[in-house]
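Novice: Can you read through this structure? Questions will come right after.
The values are calculated or read from the model by the stated rules, or taken from the named source; none is laboratory data. None of the values given here were measured: they were computed from a predicted structure. So basically every Cβ, Gly included, is an ideal-geometry build from the backbone, and we count neighbours across all protein chains shown. To get the accessible areas, we keep the full protein, side chains included, count just its heavy atoms, and leave off ligands, DNA and RNA. Shrake-Rupley method; radii C 1.70, N 1.55, O 1.52, S 1.80 Å.
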Amino acid sequence: MSELDSISLWFSTLGLQFNTKKCKVMSFTRRRLAIDYSYTINGSVIDRVTSNSDLGVLLTADLNFRPHIDSICCRALKSLGFVMRTMNEFKPSESLKTVYCSLVRSLLEYASMLWDPFVVIDSCHLERVQRRFLSSAAYMLKIIHPPHDYTPVLHALNLTSLANKRVKDNLGFLQKLIDGSINAPSLLDQVNFKVSHRVTRSRVPFTVSLHCTNYGKNKPIDRMMRLANAFSVYLNIVLLF
């Protein structure tokens, strides 16, 4: 009896029915030809898919997050359209900022530690949504700014670029992982603290493995450690040995 059938049997002993129609098979690989194996539960073949959404993040077989970025930008633009149609009702800048962050920006930041883009075109695609909001906000709030430069609008609304916010979220996640606020032992095992046996000029807190591809370089934990090394002066990480 396969392990999948054992799970189905366990559900039955609990008085629950295992719905095989909602089960999907998805293989993650960077190879062009993936191993195609048919999985069954109680004799029913499980459908194989190349992409699927899990907890709000669109995953693809090759772990390319561009489809996810395209999806959230599309959803964010639809929400932004609603905000822009009703923004006359939110004259104070704080009210306008709250509505935008709640309905639009939250879509562009959710789980960004996982899919943080390393390609410029994807990052610009995300920033384009916020620039559209800043353009309308500048007109409504009469904020003077140079053409195509919305930095004064960001300062007036006390906002940051989405790229800078993702850096902050990456560093915050790593900090919480280290101090135990996030209980994820499997992720913590991947954090490589740098312990020098002699005094060196290097003061970075982590050792990051070298990668020959951008895909490997953007591995979430490695990305976080690399950012932490770059911003180590601003971090408050206390290591006890």
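Novice: So, of the residues in region 84-100 that are more than 12 Å from residue 134 (Cα to Cα) and at pLDDT 80 or above, which turns out to be surrounded by the most Cβ atoms within 10 Å (Cβ to Cβ)?
Specialist: Checking each candidate, the answer is 99.
Novice: Sticking with this structure for a sec: Please verify whether residue 171 is more than 30 Å from residue 141 (Cβ to Cβ) and in contact with a helix residue (DSSP H, G or I) (Cβ under 8 Å, 6 or more places away or on another chain), treating the condition exactly as stated. Break it down into steps so the answer makes sense when it comes.
Specialist: Details: more than 30 Å from residue 141 (Cβ to Cβ): yes; in contact with a helix residue (DSSP H, G or I) (Cβ under 8 Å, 6 or more places away or on another chain): yes.
Answer is yes for this residue.
Table: residues versus (1) of a type in the set (Gly, Ala, Ser); (2) part of a loop (DSSP other than H, G, I, E, B); (3) open to solvent by 70 Å² or more (accessible area, probe 1.4 Å); (4) at negative phi.
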position: 117; (1), (2), (3), (4): no, yes, no, yes
position: 126; (1), (2), (3), (4): no, no, no, yes
position: 129; (1), (2), (3), (4): no, no, no, yes
position: 132; (1), (2), (3), (4): no, no, yes, yes
position: 135; (1), (2), (3), (4): yes, no, no, yes
position: 139; (1), (2), (3), (4): no, no, yes, yes
position: 155; (1), (2), (3), (4): no, no, yes, yes
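Novice: Give all pairs with beta carbons closer than 6 Å in which a residue from region 1-13 that is under 17 Å from residue 25 (Cα atoms) meets a residue that is exposed (fewer than 12 other Cβ atoms within 10 Å of the Cβ) and at pLDDT below 80; count only pairs at least 6 apart in sequence or on separate chains.
Specialist: none
Novice: I would also like to ask the following. Would you confirm, using the coordinates I've provided, whether residue 165 is touching a Ser or Thr at 6+ places or on another chain (Cβ under 9 Å), within 20 Å of residue 227 (Cα to Cα), charged (D, E, K, R) and not in a loop (DSSP other than H, G, I, E, B)?
Specialist: Details: touching a Ser or Thr at 6+ places or on another chain (Cβ under 9 Å): yes; within 20 Å of residue 227 (Cα to Cα): yes; charged (D, E, K, R): yes; not in a loop (DSSP other than H, G, I, E, B): yes.
The answer is yes for residue 165.
Novice: Being farther than 30 Å from residue 154 by Cα, part of a loop (DSSP other than H, G, I, E, B) and either open to solvent by 50 Å² or more (accessible area, probe 1.4 Å) or touching a residue at least 60 places away in the same chain (Cβ under 8 Å) (or both), is that true of even one residue in region 45-55?
Specialist: Our first condition is that a residue be farther than 30 Å from residue 154 by Cα; within region 45-55, this holds for 45-55.
So of that shortlist, the ones also part of a loop (DSSP other than H, G, I, E, B) come out as 46, 49-50, 55.
Within this subset, residues satisfying the condition of being either open to solvent by 50 Å² or more (accessible area, probe 1.4 Å) or touching a residue at least 60 places away in the same chain (Cβ under 8 Å) (or both) are 50, 55.
Yes.
Novice: If the Cβ limit is 7 Å and pairs must be 6+ apart or interchain, which residue in region 204-231 that is closer than 18 Å to residue 176 by Cα and open to solvent by 20 Å² or more (accessible area, probe 1.4 Å) pairs with which residue that is aliphatic (A, V, I, L, M) and part of a loop (DSSP other than H, G, I, E, B)?
Specialist: From region 204-231, the pairs are 205/237; 226/208; 229/204; 229/208.
Novice: Right, here's the next one. For region 32-41, does any single residue satisfy the condition of being part of a helix (DSSP H, G or I), more than 30 Å from residue 69 (Cβ to Cβ) and not basic (Lys, Arg)?
Specialist: The answer is no, given that none of the residues of region 32-41 is part of a helix (DSSP H, G or I), more than 30 Å from residue 69 (Cβ to Cβ) and not basic (Lys, Arg).
Novice: Starting from region 24-42, take each residue that is in contact (Cβ under 8 Å) with a residue 60 or more places away in the chain and list its partners that are surrounded by 12 or more Cβ atoms within 10 Å (Cβ to Cβ), counting only C-beta distances under 7 angstrom and pairs at least six apart or across chains.
Specialist: Once the first residue is in contact (Cβ under 8 Å) with a residue 60 or more places away in the chain and sits in region 24-42, its partners that are surrounded by 12 or more Cβ atoms within 10 Å (Cβ to Cβ) give 30/62.
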